[in-house]
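The values are calculated or read from the model by the stated rules, or taken from the named source; none is laboratory data. Model, not experiment: these values are computed from the prediction. Positions of Cβ are backbone-derived with ideal geometry, glycine not excepted, and every protein chain shown enters the neighbour counts.
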């Protein structure tokens, strides 16, 4: 797939990985980008910094169905179709399940999962008009391995993997590829609590995830050899991984407290 000339819709495109993805797309010749994000000023700033790009700016929360419908409708009206959908927006609220506010449980499901289902639904007819279309879904390493104190966040991200696999098979006859990326700890606003921890840069994650989409890779897994080993262990011998996690239970609990980016 060549990115030059493609029309792209991205959610959460004003911060962190999403913002870096926008810059990577532009650097590879994309000149039509629609962004859905909550911060109206940030969307405006990005568009003014890249005057050579035609932006469709949709300010709003992806957890709001009306915002998703508006984005798809505006793209259809202005561009008539879409080549690439990037479902990137996400929120997190960690800690023991019984301590999480109901509203934050609901919002994580709405933003991380339900919004992906609905926006993809609204965009499929637009993607079918493309000669070569793609969907890139951003999951998480916690979507591969269930970790204590991230039960809600991790389960929404695991659902993204299942959804990606299902849609890849459903859309195959229409030449629409689907790639799912699984970042580990990344130096974004979502991870400010863990300042000092070794993390991937958002620029690296953005570049590698888009590369995976361009190459039509099924899954882009970050975290190197250690994450690969953990994934295999989690599948083949989950009880052994349980025992390893139990040894650092209190540390993981302490680290999860106040880890919130809503």
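Observations on the model:
- Test for residue 80: is it touching a helix residue (DSSP H, G or I) at 6+ places or on another chain (Cβ under 7 Å) and assigned to a loop (DSSP other than H, G, I, E, B): no
- Unique match (being surrounded by 16 or more Cβ atoms within 10 Å (Cβ to Cβ) and more than 24 Å from residue 164 (Cα to Cα)) among 74, 38: 38
- Unmet requirement for residue 86, which otherwise passes all of (1) without any contact (Cβ under 8 Å) to a residue 24 or more places away in the chain; (2) surrounded by 12 or more Cβ atoms within 10 Å (Cβ to Cβ); (3) closer than 23 Å to residue 205 by Cα: (1)
- Criterion (out of contact with any helix residue (DSSP H, G or I) (no Cβ under 8 Å at 6 or more places or on another chain) and closer than 20 Å to residue 204 by Cα) met by exactly one of 10, 46, 17, 26: 26
- Scanning region 126-161 for residues that are closer than 12 Å to residue 181 by Cα and free of Cβ contacts under 8 Å to residues at least 40 places away in the same chain returns 142, 143, 158.
- Selection within region 96-118 - farther than 21 Å from residue 68 by Cα and either touching a strand residue (DSSP E or B) at 6+ places or on another chain (Cβ under 8 Å) or part of a helix (DSSP H, G or I) (or both): 97, 98, 99, 100, 101, 102
- Of all residues in region 89-108, those being more than 24 Å from residue 25 (Cβ to Cβ) and touching a residue at least 40 places away in the same chain (Cβ under 8 Å) number 11.
- Residues that are more than 18 Å from the chain's Cα centre (by Cα) and either at pLDDT below 95 or outside any helix (DSSP H, G or I) (or both), drawn from region 119-152: 128, 129, 130, 131, 132, 147, 148, 149
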